[in-house]
Amino acid sequence: KNEVEQSPQNLTAQEGEFITINCSYSVGISALHWLQQHPGGGIVSLFMLSSGKKKHGRLIATINIQEKHSSLHITASHPRDSAVYICAVRSETSGSRLTFGEGTQLTVNP
Amino acid sequence: DTAVSQTPKYLVTQMGNDKSIKCEQNLGHDTMYWYKQDSKKFLKIMFSYNNKELIINETVPNRFSPKSPDKAHLNLHINSLELGDSAVYFCASSQATSGYNEQFFGPGTRLTVL
């Protein structure tokens, strides 16, 4: 069992819908990252958080340390949001090593 | 300006060959990484260097040898390539090895071994 589990694996939505992607992890962490991988392959860091909530444009990331759970929300989704969203954690004992979830493939249809 | 760059973007080669992938970052970061993304899109750490010193070395065949001539460069050399080495390899960098440090990724190198 992977230390980082994401759900769902695949998600299809209609433009404008509110989207939630979940990430659960089984180790104590110092930070959690949300990454976006575009269809062209490039990886972009969206958020890095260790507590609470962060917002950037239409994207919101939350984390509950006690429950070992994080969510990524996209409001007013758009076809350009179609990508793979990857959760990654840095454990308390791993230094800079990131452990990745398997990713969530999001497709937003017009 | 490109923050983390990798060359080449695509690499197609025959089994048994030796090849290198280069990575450079102009962010002034101390730490650089190599990740492998398999056909199922799963990312896994391979190596990490901090100020030219190896700090993470996952269970990677010793055919893979990272080389860091300076802290802005981390190259990956692969000997005796095998079919299973086909993957996308990502380089990344961050300011430091611990704490709250964002990682910046290169565009990836798609390696295909025939």
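The values are calculated or read from the model by the stated rules, or taken from the named source; none is laboratory data. For clarity, every value in this text was computed on a predicted model and none was experimentally measured. FYI the Cβ positions are ideal-geometry reconstructions off the backbone, even for glycines, and counts take in every protein chain you see.
From the list A:Val84, A:Val44, which residue is β-branched (Val, Ile, Thr) and surrounded by fewer than 17 Cβ atoms within 10 Å (Cβ to Cβ)?
Exactly one of A:Val84, A:Val44 is β-branched (Val, Ile, Thr) and surrounded by fewer than 17 Cβ atoms within 10 Å (Cβ to Cβ), namely A:Val44.
Considering only the range B:6-38, state which residues are within 12 Å of chain A (Cβ to nearest Cβ) and of a type in the set (Ser, Thr, Tyr).
Passing the criteria: B:Tyr10, B:Thr31, B:Tyr33, B:Tyr35.
Can you tell me which residue within the range A:89-110, out of those that are buried (at least 23 other Cβ atoms within 10 Å of the Cβ) and assigned to a strand (DSSP E or B), is farthest from the other protein chains (Cβ to nearest Cβ)?
A:Val89
Could you please find all residues in the range B:48-62 being of a type in the set (Val, Ile, Thr), under 17 Å from B:Ala87 (Cα atoms) and either surrounded by 14 or more Cβ atoms within 10 Å (Cβ to Cβ) or within 11 Å of chain A (Cβ to nearest Cβ) (or both)?
Within the range B:48-62, B:Val60 is the sole residue that qualifies.
Given A:Ser70, A:Ser82, which one is away from chain B (no Cβ under 11 Å), touching a Cys at 6+ places or on another chain (Cβ under 6 Å) and at pLDDT 95 or above?
Answer to the selection: A:Ser70.
A quick yes/no check of all residues on (1) on the phi < 0 side of the Ramachandran plot; (2) touching an Asp or Glu at 6+ places or on another chain (Cβ under 7 Å); (3) of a type in the set (Ser, Thr, Tyr):
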{"residue": "B:Asn51", "(1), (2), (3)": "no, yes, no"}
{"residue": "B:Leu54", "(1), (2), (3)": "yes, no, no"}
{"residue": "B:Glu58", "(1), (2), (3)": "yes, no, no"}
{"residue": "B:Arg63", "(1), (2), (3)": "yes, no, no"}
{"residue": "B:Pro66", "(1), (2), (3)": "yes, no, no"}
{"residue": "B:His73", "(1), (2), (3)": "yes, yes, no"}
{"residue": "B:Asp85", "(1), (2), (3)": "yes, no, no"}
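Given (1) away from every other protein chain (no Cβ under 14 Å); (2) over 30 Å from B:Asn50 (Cβ atoms); (3) surrounded by fewer than 17 Cβ atoms within 10 Å (Cβ to Cβ), where does A:Ser26 come up short, assuming only one miss?
Among (1) away from every other protein chain (no Cβ under 14 Å); (2) over 30 Å from B:Asn50 (Cβ atoms); (3) surrounded by fewer than 17 Cβ atoms within 10 Å (Cβ to Cβ), A:Ser26 violates only (2).
For the structure I just gave you, tell me whether B:Asn57 is touching a Lys or Arg at 6+ places or on another chain (Cβ under 8 Å) and under 24 Å from A:Arg90 (Cβ atoms).
Here the answer is no, as B:Asn57 does not meet what is asked.
Residue check: is A:Ser50 within 8 Å of chain B (Cβ to nearest Cβ), loosely packed, with under 14 Cβ neighbours inside 10 Å and touching a Phe, Trp or Tyr at 6+ places or on another chain (Cβ under 9 Å)?
Yes, satisfied.
What is the one condition in (1) in contact (Cβ under 8 Å) with a residue 24 or more places away in the chain; (2) in a strand (DSSP E or B); (3) surrounded by fewer than 20 Cβ atoms within 10 Å (Cβ to Cβ) that A:Ala61 does not satisfy?
Of (1) in contact (Cβ under 8 Å) with a residue 24 or more places away in the chain; (2) in a strand (DSSP E or B); (3) surrounded by fewer than 20 Cβ atoms within 10 Å (Cβ to Cβ), only one is false for A:Ala61: (3).
Take the residues in the range B:72-114 that are within 14 Å of chain A (Cβ to nearest Cβ) and among the charged types (D, E, K, R), then tell me which one is farthest from the chain's Cα centre (by Cα).
Checking each candidate, the answer is B:Glu102.
When residues of the range A:31-46 are filtered for being more than 14 Å from A:Phe100 (Cα to Cα) and either in contact (Cβ under 8 Å) with a residue 24 or more places away in the chain or within 7 Å of chain B (Cβ to nearest Cβ) (or both), how many remain?
Of the residues in the range A:31-46, 5 are more than 14 Å from A:Phe100 (Cα to Cα) and either in contact (Cβ under 8 Å) with a residue 24 or more places away in the chain or within 7 Å of chain B (Cβ to nearest Cβ) (or both).
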